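Enquirer: I am attaching a structure below and will ask some questions about it afterwards.
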Amino acid sequence: NNEKSVPQLLIRDLNFEKKSLAKLMFSPDQENHPSKAPVKYGELIVLGYNGSLPNGDRGRRKSRFALFKRPKANGVKPSTVHIACTPQAAKAISNKDQHSISYTLSRAQTVVVEYTHDSNTDMFQIGRSTESPIDFVVTDTVPGSQSNSDTQSVQSTISRFACRIICERNPPFTARIYAAGFDSSKNIFLGEKAAKWKTSDGQMDGLTTNGVLVMHPRNGFTEDSKPGVWREISVCGNVFSLRETRSAQQRGKMVENETNQLQDGSLIDLCGATLLWRTAEGLSRTPTVKHLEALRQEINAARPQCPVGFNTLAFPSMKRKDVVDEKQPWVYLNCGHVHGYHNWGNKEERDGKDRECPMCRSVGPYVPLWLGCEAGFYVDAGPPTHAFSPCGHVCSEKTTAYWSQIPLPHGTHTFHAACPFCAHQLAGEQGYIRLIFQGPLD
């Protein structure tokens, strides 16, 4: 074991150009703010995509969606309640210009709640449907899938009209989330099987089939963030503890002291895809793609070497984030020693998946390293010193530590931590590893 004689360095030892990075730290939004720029409420970023969808972002189907103040308010608020079978109820449902929510209690009884225009709010709708009322089209995330063809065969569990976000048009531009979205006829129908009930003040409320879950982190979305508790949001925006399984008939207990107001770092789970909400203010404190690119160049400028082949390693450019490059760094996930690709130490009896590290002889998976390019997932602007296991996505230490603690909903009743860049379930004791690079010998 000749480990001691070889110069080793952690990335934090590399000589980072602090000044040039400081200039790049702030979002493009901050740099040149024309006075007429539209107000940005925030952005939704889909977990599992490292900066863009596998086949590219197109129209309303993309990996992140910005919510801007609309030229004209389109928000709605509840007004008249009709007990069905009355002409007014039938009229409210059939009127294409009238938003309404119908609660079917039995074949004989439906309650219809009319909604009226609200000039103080903007409404944004999210779901699987490509119909025009949906602003952001979201499809099921398949962990590590490189193309949309991987995802099409799966029967979707995301609702066609999954949820809506209502933003206040005046400061502080509060954003609130509600389960279910209005369809092309401006209706929401909760059928007989959906959980629904009458509230103490005589209004109706209900849950959608697979539910809309929300988790607000404690201490915001910062390097001090800690996971919060997953809750379910109702059609009227009330907060409940989780049901026993995703689509159980029985609702959870109402949580009186919590609200449906989104915070920077809130996670929204639509049963098949999880979205991260970032406020405009939060994004202004987040590293930009420019900053991440500067960090990539800093690592490459330090000329880390493969301790076996002595060839210089380099992270490929952000645009080439799916093709393994010949200079690509690889890592042994049990110890963190970074190498170039080599065939040494392959254990045939172990199915070829486990390899023995030439530096320290520890045996484990050997995978290529990829930079995490989606800046919105970073909790700080630290250098890329750690990698998620088993996928090899690289980002700052605090970012790996944060995501490895988050239990993300999986299927109808389980939770597990996953890499935000590819949605692979994390493995190993911590779910991430510190990288040990070797510096040049000259």
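The values are calculated or read from the model by the stated rules, or taken from the named source; none is laboratory data. Being a predicted model, the structure only gives us computed values, none of them experimental. All Cβ positions, glycine included, derive from the backbone under ideal geometry; neighbour counts span all protein chains shown. Calculation scope for accessible area: heavy atoms of the full protein, side chains included, ligands and nucleic acids excluded. Shrake-Rupley method; radii C 1.70, N 1.55, O 1.52, S 1.80 Å.
Enquirer: Farthest toward the dipole's positive end in the chain, which of 437, 216, 102, given Cβ charges of +1 (Lys, Arg) and -1 (Asp, Glu) about the Cα centre?
Expert: 102
Enquirer: Place a +1 charge on the Cβ of each Lys and Arg in the range 289-434 and a -1 charge on the Cβ of each Asp and Glu, then give the dipole magnitude about the Cα centre in debye, rounded to the nearest 20.
Expert: Numbers: 14 positive and 14 negative charges, 49 e Å.
Using Cβ point charges on Lys, Arg, Asp and Glu, the range 289-434 gives about 240 debye.
Enquirer: Okay, next question. Taking square-rooted eigenvalues a ≥ b ≥ c of the alpha carbon gyration tensor, is the range 357-430 rounded, prolate or oblate, where a/c under 1.5 means rounded and, failing that, a/b exceeding b/c means prolate?
Expert: Values: a/c = 2.08, a/b = 1.22, b/c = 1.71.
In terms of gyration-tensor shape, oblate.
Enquirer: In whole Hz, what ³J(HN,Hα) sequence does the range 185-198 give by Karplus (6.51, -1.76, 1.60; θ = phi - 60°), x for Gly and Pro?
Expert: 8, 6, 10, 10, 10, 9, x, 4, 7, 5, 5, 8, 6, 9
Enquirer: Leaving out ligands and nucleic acids, and using a 1.4 Å probe, what accessible area per residue does the chain come to in Å²?
Expert: On the way: 20770 Å² over 442 residues.
Dividing the accessible area of the chain by its residue count gives 47 Å².
Enquirer: So what is the diffusion coefficient of the range 181-236 in µm² per second by Stokes-Einstein at 4 °C and 1.567 mPa s, using a Kirkwood Rh over Cα pairs? Don't jump to the answer; show the numbers that get you there.
Expert: Numbers: Rh = 13.7 Å.
My calculation gives 94 µm²/s for D.
Enquirer: Here's a follow-up. List the residues whose amide H sits under 5 Å from the amide H of residue 274, counting only those 5 or more places along or on another chain, with H placed 1.01 Å from N in the peptide plane.
Expert: 47
Enquirer: Let me ask another. Which value, in debye to the nearest 20, describes the size of the charge dipole of the chain about its Cα centre when Lys and Arg Cβ atoms bear +1, Asp and Glu Cβ atoms bear -1, and nothing else is charged?
Expert: Values: 51 positive and 44 negative charges, 182 e Å.
Approximately 880 debye in magnitude.
Enquirer: Further question: Take every Cα pair under 8 Å in the chain that's 6+ residues apart, average their separations, divide by the length, and report that relative contact order as a whole percent.
Expert: Working: 1025 pairs, mean separation 75.0, N = 442.
In percent, rounded to a whole number, it is 17.
Enquirer: For the range 289-434, with the dipole built from +1 on Lys and Arg beta-carbon atoms and -1 on Asp and Glu ones, taken about the Cα centre, which of 330, 315, 419 lies farthest toward the positive end?
Expert: Toward the positive end, the furthest listed residue is 315.
Enquirer: Let me ask something else. Antiparallel DSSP bridges in the chain: what percent, to the nearest 5? Intermediate results must be reported in sequence, preceding the final value.
Expert: On the way: 74 of 83 bridges.
Expressed as a percentage, antiparallel bridges in the chain total about 90.
Enquirer: Could you pull out every residue, at least 5 positions away or on a different chain, whose amide H is within less than 5 Å of the one on residue 163? Hs are placed 1.01 Å off N in the peptide plane, and Pro or chain starts have none.
Expert: So residue 163 has HN proximity to 126, 180, 181.
Enquirer: State the answer as a single residue: which of 117, 241, 295 lies farthest towards the positive end of the charge dipole of the chain, with beta carbon charges of +1 for Lys and Arg and -1 for Asp and Glu, about the Cα centre.
Expert: Going by the Cα projections, it comes out as 117.
Enquirer: Still on this structure: Using only Cα atoms, what is the ratio of the radius of gyration of the range 216-370 to 2.2 N^0.38 Å?
Expert: Rounded to two decimals, the normalised Rg is 1.50.
Enquirer: Using modelled amide H (1.01 Å from N, peptide plane; none on Pro or chain starts), what sits under 5 Å from the amide H of residue 41, excluding residues fewer than 5 places away?
Expert: Amide H neighbours of residue 41, under 5 Å, 5+ apart: 67, 68, 69.
Enquirer: In addition: With θ set to phi - 60° and the Karplus curve 6.51 cos²θ - 1.76 cosθ + 1.60, what are the ³J(HN,Hα) couplings of the range 213-229 in order, to the nearest whole Hz, using x for Gly and Pro?
Expert: Values, residue by residue: 9, 9, 10, 9, x, 7, 6, x, 9, 9, 5, 9, 4, 10, x, x, 10 Hz.
Enquirer: Also, I was wondering about something else. Whole number please: convex hull volume per residue of the Cα set in the chain, in Å³?
Expert: Values: hull volume 69.0 nm³, N = 442.
It is 156 Å³ per residue.
Enquirer: Related question: Please list 3J(HN,Hα) in residue order for the range 96-108, calculated via the Karplus relation 6.51 cos²θ - 1.76 cosθ + 1.60 where θ = phi - 60°; whole Hz, with x for glycine and proline.
Expert: Rounded to whole hertz, the list is 6, 9, 10, 6, 8, 10, 9, 10, 7, 8, 7, 4, 8.
Enquirer: Any of 226/353; 69/186; 91/186; 226/398; 62/226 with alpha carbons more than 23 Å apart? Name them for me.
Expert: Values: 226/353 34 Å; 69/186 21 Å; 91/186 13 Å; 226/398 11 Å; 62/226 28 Å.
In this structure, 226/353; 62/226 exceed 23 Å between Cα atoms.
Enquirer: Taking Rh as the Kirkwood radius, which is the inverse of the mean 1/r over Cα pairs, what is the Rg/Rh value for the range 289-434? Please report the intermediate quantities before stating the final value.
Expert: On the way: Rg = 15.3 Å, Rh = 15.8 Å.
Across the range 289-434, the Cα-based Rg/Rh ratio is 0.97.
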